[in-house]
Amino acid sequence: MSQTLTEGARKGAVDGSSTPSSKRWWILAIIGIAQLMVVLDATIVNIALPSAQADLGFSDGNRQWIVTAYSLAFASLLLLGGRIADLFGRKPAFLIGIAGFAGASVLGGASTSFGMLVTARALQGVFGALLAPAALSLLNTTFTDAKERAKAFSVYGAIAGAGGAVGLLLGGVLTDAFDWRWTLFVNLVFAVVAFAGGWVLLSSHRDAANSKLDLPGTLLVSSGLFALVYGFSNAETHDWSSPQTWGFLIAGGLLLSAFGWWQTRAEHPLLPMRVLLDRNRAASFVTVLITGAGMFGVFLFLTYYLQLNLGFSPTKTGVAFLPMMAALMVMAQVSTTILVPRIGPKVVIPAGFAIAVGGMAWLTGIGVASGFSTAVLPQLLLIGAGLGIVMPPAMSLATSGIAAEDAGVASATVNTMQQVGGSIGTALLNTLAASAATSYLAGKDATSKLVQAQATIESYTTAFWWSAGFFAAGAVIAFLLYRRGTLEADPDAVRAVHM
């Protein structure tokens, strides 16, 4: 079935040549480096937290803010960052985002106090919210040929999916070999390469230069996303019955509802409804949300299991995720360049979710004395293959057929869905895992090391079962929402290529 552009989209996409640029593969390389820097920073610091805590002397209760400060700023400002890229140009947004992210990373690495480190992490989130949608929208407007676009998004989607595991590996290596501060300083390496490449290869273009920034919409969506992510973050440290949890969640829901209402009335909406109303695009946004929620069942709890139960070092833990990343990257190529073009997303993406469900369900068989090669490795390969089939095509379809003037905000919506999904998954899975451990210990000798170890296994497997449930729900929703058949290019649609 053909996926067409709206009339508004056509008007936004008529200002450039559709001739592919000879620089496009180099542009993909710098976009990939920038995306990797942003994605791995969501996990690279996690492994270094114990060392940072010992060095700076902050409490266990405050430890979560090193992670939460980044996610709060990143999630709440993504849509604003995407619209800024549309209004003022993707090249300046990209370069300012990289430079600011690098500066914040240096500040964090040089931190002498808890407050300084939290401030640096929040600033990383602010500049990441400008950089991430600019990078994805550059990819969307650079690759217009269907086959080349599929290859480009398979690379981008693989980075987005495997970046968390890369962060765990790199964080472990740097913490073991050097110091926790290098988990932040390492961003300078990525930033210098990406900034130099962006400066040379990209040219400035403002696709939505005639529009204005929707200030009421910006305020509503930023405060709504902040409240939503903050509420889910509080669920990890407070009970779900706490006003700091449900109060912020309700406030976030109301603010986002008000934002949706305002977008139908604003003269220059921050998130035009035409971006959301395409059926395949809406299905892709939901797919990215669910994938973000379920992936934390792999990265977070399997990291605990490998280190605390199997005795892996931080570096060895990161290496253990490499097979999963390899499977994800291989299937990313297969799904975007072969399966989806020939079969269509309605079959392929639910099938990928189903494979991930099988891997997560199989992973629940871990035990106190399980071996990695039999109880973890095959399951990781299956999960990686499933996610590789799901994520890259979903990200490509989420921005496919979008007007050049809306590319930034559409890209920001993709990143927002992934970030909010991760926040939801972290909060729910942590709470459910803790409840499972408490239930297992009831009536048992809690001082026994064997009982304690089995309680942790119960918490992990509970999280894995729920992650499998997320993926199963994703399979059903994707099957219901995606259109039938393959996607055909609209012959009347003209895309813009701006370098």
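The values are calculated or read from the model by the stated rules, or taken from the named source; none is laboratory data. Given the structure is predicted, the values throughout are model-derived calculations rather than measurements. Methodologically, a virtual Cβ is constructed for each residue, glycine included, from the backbone with ideal geometry; neighbour enumeration extends over all protein chains shown. All accessible areas refer to the heavy atoms of the entire protein, side chains included, with ligands and DNA or RNA removed. Shrake-Rupley method; radii C 1.70, N 1.55, O 1.52, S 1.80 Å.
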Under 17 Å between C-alpha atoms is the cut-off here; go through the chain and count lysine pairs that meet it, provided they're at least eight residues apart or on different chains.
4
With every protein chain present, what accessible area does Asp55 have (1.4 Å probe, heavy atoms only), rounded to the nearest 10 Å²?
80 Å²
Quick check on packing: order 370-380, 450-460 by the mean number of other C-beta atoms within 10 Å, highest mean leading.
450-460, 370-380
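Please list Ile389, Ile477, Ile250 from largest to smallest accessible area, probe radius 1.4 Å, with all protein chains kept in place.
Details: Ile389 10, Ile477 60, Ile250 90 Å².
From most accessible down to least: Ile250, Ile477, Ile389.
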Rounded to the nearest 10 degrees, what's the angle between the helix 215-237 long axis and the longest principal axis of the chain, both from Cα atoms, 0 to 90?
20 degrees
Once you order the gyration tensor axes a ≥ b ≥ c over the Cα atoms, which shape class does region 305-433 get: rounded for a/c under 1.5, otherwise prolate or oblate by comparing a/b with b/c?
prolate
Provide the net charge surrounding Trp199, with neighbours chosen by a C-beta distance below 15 Å and charges set as Lys +1, Arg +1, Asp -1, Glu -1.
+3
Net charge near Thr112, counting Lys/Arg +1 and Asp/Glu -1 over other residues with Cβ under 13 Å of its Cβ?
0
Within region 92-212, what whole-number % of the accessible surface is contributed by carbon and sulfur, with the 1.4 Å probe and all protein chains included in the calculation?
71 percent
Sorted by accessible surface (1.4 Å probe, heavy atoms of the protein chains only), largest first, Val288, Val67 come out as Val67, Val288
Taking the structure as given and computing volume of the Cα convex hull per residue in Å³, which label from (1) 182; (2) 131; (3) 161 fits?
(2)
For the chain, what is the calculated [θ] at 222 nm in deg cm²/dmol (nearest 500), taking -39500 (n - 2.57) for each run of four or more DSSP H residues and dividing by its residue count?
-25500 deg cm²/dmol
